[in-house]
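Heads up, the thing below is written out as structure tokens.
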Amino acid sequence: MPSNIPQIALNDGRTIPQLGFGVWQVPDNEATQAVHHAIEAGYRLIDTAEGYNNEEGVGRAIRECGVAREDLFITSKLRNGAHAFDQAMAAFDETQRKLSLDYLDMFLIHWPVPEQDKYVDAWKALVKLQEQGRVRSIGVSNFLPEHLDRVIEATGVVPAVNQIELHPKYQQRDVRDAHRQRNIQIECYSPLGSGAVLKDETIASIADKHGKSVAQVILRYLLDQDVIVIPKSTHAERIQNNIDVFGFSLDDEDRKKIDALDDPKNGKTGGFPETMNSLF
Ligand code: A2P
């Protein structure tokens with residue numbers, strides 16, 4: 001793939017760009033333009049989901065952009081109401097139709113939905129889709145280590161990634177080892193804390209010191225930890241700013257200051273895997 005974005009090796013022999021473009025909360029009618037901006041800026045990983053209701057808008061940009069399909073890395077996610085095997089297969093048909101793609105690079109189970117307790121069935125469907133060649137890499141999102149172990153025990157197939165909320169105020173230090181031991185890459189959603197971390201004064205002072213934006217400092221900090229990041233924006237100049245993070249370094253003092261911002265009790269901005277049981 002072109003561009004200077006590093007690739008991260010996955011446990012299935014494939015690779016994923018370390019920085020991508022997330023489209024959560026981007027309405028379908030704005031998604032096409034946002035993805036065009038992202039691809040023009042150099043992003044090659046685009047991360048959507050059935051539950052975002054913007055796969056058609058994303059698909060339009062992919063068709064129009066002029067970048068070869070094999071140079072793009074397209075992820076979508078299975079919605080919570082479709083965990084039963086047959087429903088999951090049908091939901092993937094619909095995702096392919098909306099995105100208008102012969103294959104996806106990655107497909108994830110969006111949430112474990114413990115109350116429903118069907119995520120093992122959903123995982124079996126993803127394994128089947130991978131065997132059929134309709135998706136290259138499969139993974140999960142919002143899974144706790146106990147959920148990871150259940151799908152691994154049931155199928156012997158280890159998710160390639162777990163996409164979880166991770167940013168300076170919610171660093172998830174307690175689950176890093178669990179992922180390392182299972183050879184699962186962490187992909188960070190809401191890397192800017194859904195915008196909330198952008199107001200932090202400590203990071204603002206580090207940003208001033210380097211002549212960079214707060215968003216750039218946060219993304220550089222996360223990239224240094226070998227995790228994958230997928231910042232979202234609908235503004236062209238911010239989309240450009242967020243990918244321009246490969247020409248500067250933070251020092252140990254900067255990193256220590258940001259390490260200290262971790263607030264496991266109050267830092268989370270999104271839903272909790274234990275209780276997120278909404279069947280969208
Ligand atoms: P917008 O889409 O209006 O540009 P996250 O990726 O953690 O979900 O954060 C996304 C939020 O951060 C959105 O509200 C987005 O606003 C905002 N955002 C993204 N990049 C930047 C940036 N470089 N500067 C300021 N705000 C940003």
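With angles folded into 0 to 90 degrees, how steeply does helix 55-64 sit against the dominant principal axis of the chain? Use alpha carbons for both and round to 10. The helix 55-64 is inclined about 70 degrees to the chain.
Kirkwood hydrodynamic radius computed over the chain comes to 18.9 Å, based on all pairs of distinct alpha carbons.
Counted over the stretch 1-146, the DSSP beta bridges are approximately 20% antiparallel.
Of the beta bridges in the chain, as assigned by DSSP with both residues counted there, near 15 percent are antiparallel. In the chain, the longest principal axis of the Cα atoms and the axis of helix 214-223 are about 60 degrees apart. Relative to the longest principal axis of the Cα atoms of the chain, the long axis of helix 85-99 makes an angle of roughly 60 degrees. Distance between the C-alpha centres of the stretch 216-280 and the stretch 16-53: 16 Å, rounded to the whole angstrom.
Please identify which residues in the stretch 162-184 have an amide N closer than 11 Å to a label point set 7 Å out from the Cα of Ser205, following the Cα→Cβ vector. Under 11 Å, as judged by backbone N against the label point of Ser205, lies no residue of the stretch 162-184.
How much net charge surrounds Asp254 when only other residues with a Cβ under 12 Å from its Cβ are counted (Lys, Arg +1; Asp, Glu -1)?
It works out to a net charge of 0.
Summing -39500 (n - 2.57) over the DSSP H runs of n ≥ 4 in the chain and dividing by its residue number, what mean residue ellipticity at 222 nm do you reach, to the nearest 500 deg cm²/dmol?
-11500 deg cm²/dmol
Electrostatic bookkeeping for Arg97 treats Lys and Arg as +1 and Asp and Glu as -1; over the other residues with beta carbon under 14 Å from its beta carbon, the sum is -2.
Within straight-line reach of Lys265, meaning a Cα separation under 20 Å, sit the following lysines at least 8 residues removed in sequence or on another chain: Lys169, Lys199, Lys256, Lys257.
Computed from the coordinates by the stated procedures, all read-outs in this text should not be read as laboratory data. These numbers were taken from a predicted model, which means no experiment stands behind them. Because the Cβ atoms are built from the backbone with ideal geometry, glycine has one as well, and the counts that use them run over all protein chains shown.
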